[in-house]
Structures are given as C-alpha cells and as structure tokens.
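Presented below is the structure to which this report refers.
Nothing in this text is a laboratory measurement; each read-out follows from the coordinates by a stated rule. This structure is a prediction, so every number in the text was calculated from the model and none was measured. Quick reminder, even Gly has a Cβ in these numbers, built from the backbone with ideal geometry, and neighbours come from all protein chains shown.
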Amino acid sequence: MVRELFDSIAKRYDLTNRLISLGLDRLWRRKACEEVLKSLEVRERPLKILDVACGTGDMMLCMRKRLEKRNLSGEFYGLDCSEEMLRIARRKVPFARLSVGTAEEMPYPDGSFDIVSVAFGLRNFSDREKAIEELHRVLKPGGRLVILEFSKNPSLLGKMAWLYTRTVVPIIGKLTTGNGKAYEHLVNSIDAFPSPEELRGEFEERGFRAKGLRWLFPRIAFILVLERH
Ligand SMILES: C[S@@+](CC[C@H](N)C(=O)[O-])C[C@H]1O[C@@H](n2cnc3c(N)ncnc32)[C@H](O)[C@@H]1O
C-alpha cells in the first residue's frame with residue numbers, strides 16, 4: 001500500500017515538498033546532516049553512508065554538500081521500496097548505489113555503515129521494531145543514526161503548524177499530485193506517530209544511545225541523533 005502510494009506521487013514529490021513545507025524541508029535536511037556530522041569523530045575516510053527510505057535522493061544530495069564543506073568524502077547507498085521514487089533518484093544522485101528494498105529487511109552485511117539516515121521515512125514503516133533492529137545491524141559499532149521526522153508539539157507554534165498540516169497540506173497535495181489520499185495519509189501517520197521522546201525510548205531499548213534531540217522551526221519536525229552501541 002505504501003509502495004503504491006509513493007509510486008503514484010513520485011513525479012511531483014519534490015515540488016509538493018517545497019510547496020507544503022514553504023521551502024523549509026531543505027533547511028530541515030541540512031540541519032539533520034549538520035547535527036549528525038557534528039556528533040561523529042571521523043577516523044576513516046571515505047565515510048560509508050546509507051540513506052534508508054531515500055525517496056528521490058534529497059538527503060544524499062544534502063549530505064554530500066555538507067561533507068564537501070568539511071573536506072570529507074562519502075560512499076553513498078540509498079534504499080527505498082518505491083521503484084518510481086528511485087527512478088527519479090537515479091537522475092539526481094548518480095553517485096549513489098541505489099537499491100529497491102525495505103527497511104525491515106535490508107540487503108547489506110552487518111556493520112557496513114558509519115552513518116545511516118532516515119528522513120520522513122520511519123512513520124511509513126509497516127514494522128518499526130524490525131526496522132530499528134535492521135538499522136542497528138547495518139551500522140558499525142559507534143556509528144550514527146539520524147532520524148528526521150514529523151511530530152506534534154504541544155507549544156502554540158506547534159499547534160499552529162499542525163493545524164496548517166491537517167487542513168492545507170492535503171489540498172496542496174491533491175492539486176499537485178492528483179492524489180489527495182496520499183497527503184491525508186501523511187496527516188494520519190503524523191497523528192498516530194509516537195512523540196520524539198517515546199521514539200528515543202524505542203531506540204534506547206534496542207542498542208542505541210541518544211546523542212541529541214532537537215525540534216525544528218516551526219515545531220512540526222524534529223531531529224534525533226543516536227549512536228549504535
Ligand atoms: C516521505 S518519503 C521521504 C523520502 C526522502 N527520505 C525525503 O527526505 O524526501 C518516504 C519514503 O519512504 C519509502 N518507504 C516507505 N516505507 C518503506 C519501507 N518499509 N522500506 C523502505 N522504504 C520505505 C517510500 O517509498 C518513500 O520514498
């Protein structure tokens with residue numbers, strides 16, 4: 001169901017992201033990349049980096065820019081269950097090795113990566129517990145995981161951002177992709193998602209140590225950085 005949903009919106013996914021987030025999604029990804037790089041002491045180069053639920057590849061583009069700014073280099077791997085999203089990623093991130101697959105069963109050996117990112121993907125996973133175990137398995141000990149995700153925040157700003165998301169986002173999504181249902185799914189999945197603190201607990205129970213949790217303006221998205229034990 002999730003794969004079909006993302007296949008159907010893939011062509012207009014990037015444009016819709018820019019519109020519904022008023023351009024903020026790029027800033028959020030940049031902050032996530034900066035936070036995870038700040039938390040990592042680099043011993044080996046190039047860094048091996050996996051982006052899970054990579055979609056059209058924006059997170060990898062962003063990470064490569066942030067690495068260049070630090071005179072670092074990376075070997076990039078991207079995984080996604082939607083062929084159509086990956087078709088677009090192939091054009092945008094030709095430097096990355098892209099695979100079709102699921103977060104719940106990843107096609108990589110144990111301890112492969114220095115950094116793993118999941119941007120706006122976790123909410124969609126059908127079995128989050130299994131995906132967390134897989135994220136732990138494919139990371140090197142001491143490696144970093146960065147999660148970028150939506151959640152509801154009880155502050156006034158957070159409540160206003162949630163109201164905008166609930167009411168305006170499905171309308172823009174319907175106008176740009178023709179699939180209003182997909183953007184209703186976005187709203188429903190945010191509503192059903194645990195708080196960042198609860199999510200942090202889920203990771204800590206499964207072999208991760210939290211390195212940082214931070215809300216992003218306007219308090220509808222957050223970054224969670226974790227270290228794999
Ligand atoms: C909201 S998009 C995020 C894409 C990208 N990370 C970004 O920042 O724009 C969610 C992506 O997760 C993928 N996805 C959903 N469930 C998945 C799963 N179980 N395993 C792998 N990819 C999945 C979808 O195909 C989609 O491309």
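Structure above, values below:
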| item | result |
| --- | --- |
| Long-range neighbours under 8 Å by Cβ, at least six apart or interchain, first residue more than 18 Å from L86 (Cβ to Cβ) within the range 1-27, second of a type in the set (D, E) | R18/D25; D25/D58; R26/D58 |
| So S151, is it crowded, with 19+ Cβ neighbours inside 10 Å and more than 30 Å from E44 (Cβ to Cβ) | yes |
| Out of M63, M59, sole residue that is touching a Lys or Arg at 6+ places or on another chain (Cβ under 6 Å) and either assigned to a helix (DSSP H, G or I) or touching a residue at least 40 places away in the same chain (Cβ under 8 Å) (or both) | M59 |
| Cβ pairs under 7 Å, 6+ apart, first in the range 80-96 and within 19 Å of I49 (Cα to Cα), second acidic (D, E) | L86/D80 |
| Condition broken by R228, with the remaining ones in (1) at positive phi; (2) in contact with a Phe, Trp or Tyr (Cβ under 9 Å, 6 or more places away or on another chain) satisfied | (1) |
| Matching residues, the range 218-229, being farther than 14 Å from S117 by Cα and either under 17 Å from the mean Cα position of the chain (by Cα) or buried (at least 19 other Cβ atoms within 10 Å of the Cβ) (or both) | R219, I220, A221 |
| Single residue of the range 66-78 satisfying the filter (within 15 Å of the ligand (Cβ to nearest atom) and touching a strand residue (DSSP E or B) at 6+ places or on another chain (Cβ under 9 Å)) that is farthest from F113 (Cα to Cα) | G78 |
| Selection from the range 37-65 of residues that are closer than 26 Å to F125 by Cβ and more than 15 Å from the ligand (Cβ to nearest atom) | L37, S39, L40, L47, K48 |
